[in-house]
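> Can you read through this structure? Questions will come right after.
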Amino acid sequence: MPLSPAQRDRIERQIRAAIDRLLAGQFPPGGGCDVKTLAREAGISRAALYRTYGHLKEEFERRRQAQLDAGDQPDPREQRIAALRERTSRLTTKLAATHAELRTLRATHRQALSALAAADDTIQRQRRQLADAHNLLAQQGNQNHRLVPLPPAGGPQTATSAAAPELAKIRNPGERADGYSTASNTAETPSARP
């Protein structure tokens, strides 16, 4: 049954009111700023909106696109989706940079381990050579070429460092106990101490 002009006018007003509400961000539960929600809010089927009131559907889409172009997003869900997409993009870029840095660190770690292994091999080889030389000298019984191990760094004092205070007490020949030289009879001047 065809609609009367009054019925048609009333439905168009309902559709326009629903368009205004949706573009103002007033969505029903589970709805959004889309054609499906527009038809439901206007109280008509989606098929009727497409067939009979296609000019109003196009007006809705045109106004919605103008709002989007102006930077105004009427649907908060769409805003959240856009924000989540941007965040996902940032995190994807950060993750790629982190993976690249991790690959670089792994390569550096492998190089450091290789260098340490080479240094350890060199140290072990030199220790074996030193032990072989020591054993050879011990077998020959050559006491003039004894190997004397070095004291550890910061270890006990050597004989020379322990005797340093005693050496400081020894005076030069011609120096008296009071620090004056006996070489000159004319003037008593302090002599230089060692």
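> Tell me which residues, restricted to region 1-34, are farther than 11 Å from residue 60 by Cα and β-branched (Val, Ile, Thr).
If the condition is that a residue be farther than 11 Å from residue 60 by Cα and β-branched (Val, Ile, Thr), then 11 is the only one that fits.
> With the requirement that a residue be of a type outside the set (A, V, I, L, M) and either modelled with pLDDT under 85 or in the same structural domain as residue 23 (by TED's automatic domain parsing) (or both), what does region 77-98 give you?
Scanning region 77-98 gives 77, 78, 79, 80.
> Taking region 40-65 only, how many residues are over 42 Å from the mean Cα position of the chain (by Cα) and under 12 Å from residue 23 (Cβ atoms)?
Here the count works out to 7.
> Sort out which residues of region 31-51 are of a type outside the set (A, V, I, L, M) and either over 15 Å from residue 14 (Cβ atoms) or surrounded by fewer than 16 Cβ atoms within 10 Å (Cβ to Cβ) (or both), and write them in order of number.
31, 32, 33, 34, 36, 43, 45, 46, 50, 51
> May I pose another question? For region 1-52, which positions are part of a helix (DSSP H, G or I), in contact (Cβ under 8 Å) with a residue 40 or more places away in the chain and closer than 23 Å to residue 72 by Cα?
15, 16, 19, 22, 23
> Going residue by residue through region 167-184, is there one that turns out to be surrounded by fewer than 10 Cβ atoms within 10 Å (Cβ to Cβ) and either modelled with pLDDT of 75 or more or not in a loop (DSSP other than H, G, I, E, B) (or both)?
So far as region 167-184 goes, yes, one or more of its residues are surrounded by fewer than 10 Cβ atoms within 10 Å (Cβ to Cβ) and either modelled with pLDDT of 75 or more or not in a loop (DSSP other than H, G, I, E, B) (or both).
> Looking only at residues that are among the β-branched types (Val, Ile, Thr) and closer than 30 Å to residue 24 by Cα in region 76-100, which one is farthest from the chain's Cα centre (by Cα)?
This residue is 81.
The values are calculated or read from the model by the stated rules, or taken from the named source; none is laboratory data. What you are looking at is a predicted structure, and each value in this text was computed from that prediction instead of being measured. Note that we place each Cβ from the backbone using ideal geometry, even for glycine, and neighbour counts take in every protein chain shown.
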